[in-house]
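Asks: Supplied in structure tokens, the structure appears directly below.
Derivation of every value follows stated rules applied to the coordinates shown; laboratory data play no part. Every value quoted in this text rests on a predicted model; they were computed, and no experiment measured them. Every residue, glycine as well, gets a Cβ built from its backbone with ideal geometry; the counts of neighbours run over all protein chains shown.
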Amino acid sequence: MKMLFRKKRYQDERVTAEQNRIYREIYLLIYVICFLSIVYKFIMNGEISLNLVGTEMLIVLVSGIYYAIRSAKLGLFSAEVEIHDQKNKWSYQSKTIFSGIGIGVLLGIIFGVNSAYQYADSQMQAYYYFFLVFIVTLIIYMPILLLLMLGSYSAAKKKSDKVIEKQLEE
Amino acid sequence: MKNLKLKMARAEHDLSQAELAKLVGVTRQTIGLIELGKYNPSLQLCIAICRTLNKTLDDLFWEEDG
């Protein structure tokens with residue numbers, strides 16, 4: 001008798017699995033270090049500018065984009081969406097849309113509070129500036145964020161579906 | 001090497017790849033790739049598939065020589 005899934009050379013799966021777990025922890029650790037670095041720089045300088053936190057943003061953005069591209073090219077993204085949709089009431093696509101709206105609202109609040117705090121001379125003016133900047137930020141950023149998030153979701157899903165269908169071809 | 005035994009056992013239960021995947025708790029793609037012999041499942045996943053299809057590990061994942 002022989003096993004159906006016999007390999008020519010065996011890998012120690014336990015060692016590989018443990019190594020992968022360590023790599024996953026390192027990835028999280030780098031995120032935590034970047035986040036703490038941003039907080040520290042904000043406390044020390046009293047402001048957040050791209051000049052100060054550029055490296056941290058680059059690490060977070062590039063690793064996120066790299067993961068998205070790799071998971072789409074390996075067909076993993078389709079599996080992630082399928083697993084998510086099986087287990088959750090809200091679909092992955094709905095969550096993507098709500099994330100876009102959420103980030104837009106959050107940006108609006110941050111910019112609104114910043115304007116009210118920096119430029120208003122009275123309380124009434126502070127409210128006026130807050131709502132004005134909040135609404136304008138929503139109008140400008142919300143469509144861009146939604147397009148960006150839905151667009152990248154659709155492109156990744158389409159690519160991933162195509163790859164996995166090719167893999168499943170006999 | 002293709003796992004035709006798994007494909008046949010799934011057919012016996014009148015299950016699609018997606019339905020079996022849902023029962024086992026994996027994706028349709030994973031079941032498809034196991035059937036095509038393009039993915040080696042862990043022992044845990046093999047057992048979960050066997051339990052779902054009322055088969056033994058020998059029934060689905062071993063083949064006789066010759």
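Asks: Mind checking the angle between helix A:123-168 and chain A's longest principal axis? C-alpha axes, 0 to 90 degrees, to the nearest 10.
Replies: Between the helix axis and the principal axis of chain A, the angle is about 10 degrees.
Asks: Based on Cβ point charges of +1 for Lys and Arg and -1 for Asp and Glu, what charge dipole magnitude is obtained for segment A:24-161 about its Cα centre, in debye rounded to the nearest 20?
Replies: 460
Asks: May I pose another question? Given B:ALA48, B:LEU15, B:THR27, which one lies farthest toward the positive end of the charge dipole of chain B, if we put +1 on the Cβ of every Lys and Arg and -1 on the Cβ of every Asp and Glu?
Replies: B:THR27
Asks: What do you get for trypsin sites (Lys or Arg not before Pro) in segment A:83-170 restricted to DSSP loop and a cutoff of at most 15 other Cβ within 10 Å of the site's Cβ?
Replies: A:LYS89
Asks: For helix A:76-87, what angle does its Cα long axis make with the longest principal axis of chain A, in degrees from 0 to 90 and rounded to 10?
Replies: 80
Asks: Of the options A:ILE109, A:ALA156, A:TYR127, report the single residue whose Cα projects farthest towards the positive end of the charge dipole of segment A:83-170 (beta-carbon charges: Lys, Arg +1; Asp, Glu -1).
Replies: Going by the charge dipole, the pick is A:ALA156.
Asks: Between segment B:33-58 and segment A:62-140, what's the alpha-carbon centroid distance in Å?
Replies: 41
Asks: Please work out the FRET efficiency for the pair A:ILE69 and A:SER37, using the Cβ-Cβ distance as r and a Förster radius of 25 Å; give the result to the nearest 0.05.
Replies: 0.50
Asks: Calculate the dipole size of chain B relative to its Cα centre from +1 charges on Lys and Arg beta carbons and -1 charges on Asp and Glu beta carbons; express the result in debye to the nearest 20.
Replies: Its charge dipole is roughly 340 debye.
Asks: Need one number: convex hull volume per residue for segment A:54-152, Cα atoms only, in Å³.
Replies: Taking only Cα atoms, segment A:54-152 has a hull volume of 118 Å³ per residue.
Asks: I've got another one for you. Determine the equivalent ellipsoid of the protein assembly as shown by diagonalising the alpha-carbon gyration tensor, then write out the semi-axes as square roots of 5 times the eigenvalues, largest first, rounded to whole Å.
Replies: Rounded to whole Å, the semi-axes are 50, 22, 14.
Asks: Just flag the trypsin sites (Lys or Arg not before Pro) in chain B sitting in loop per DSSP whose Cβ has no more than 15 other Cβ atoms within 10 Å.
Replies: B:LYS2, B:LYS38
Asks: So how strong a dipole does the protein assembly as shown carry about its Cα centre when Lys and Arg Cβ are +1 and Asp and Glu Cβ are -1, to the nearest 20 debye?
Replies: The calculation lands at about 440 debye.
Asks: With r as the distance between the Cβ atoms of A:ASN88 and B:ASP58 and R0 = 30 Å, compute the FRET efficiency 1/(1 + (r/R0)^6) and round to 0.05.
Replies: 0.25
Asks: If R0 is 41 Å, what FRET efficiency do you get for A:LYS158 and A:ARG14 from their C-beta distance, rounded to 0.05?
Replies: Plugging the Cβ-Cβ distance into 1/(1 + (r/R0)^6) gives 0.65.
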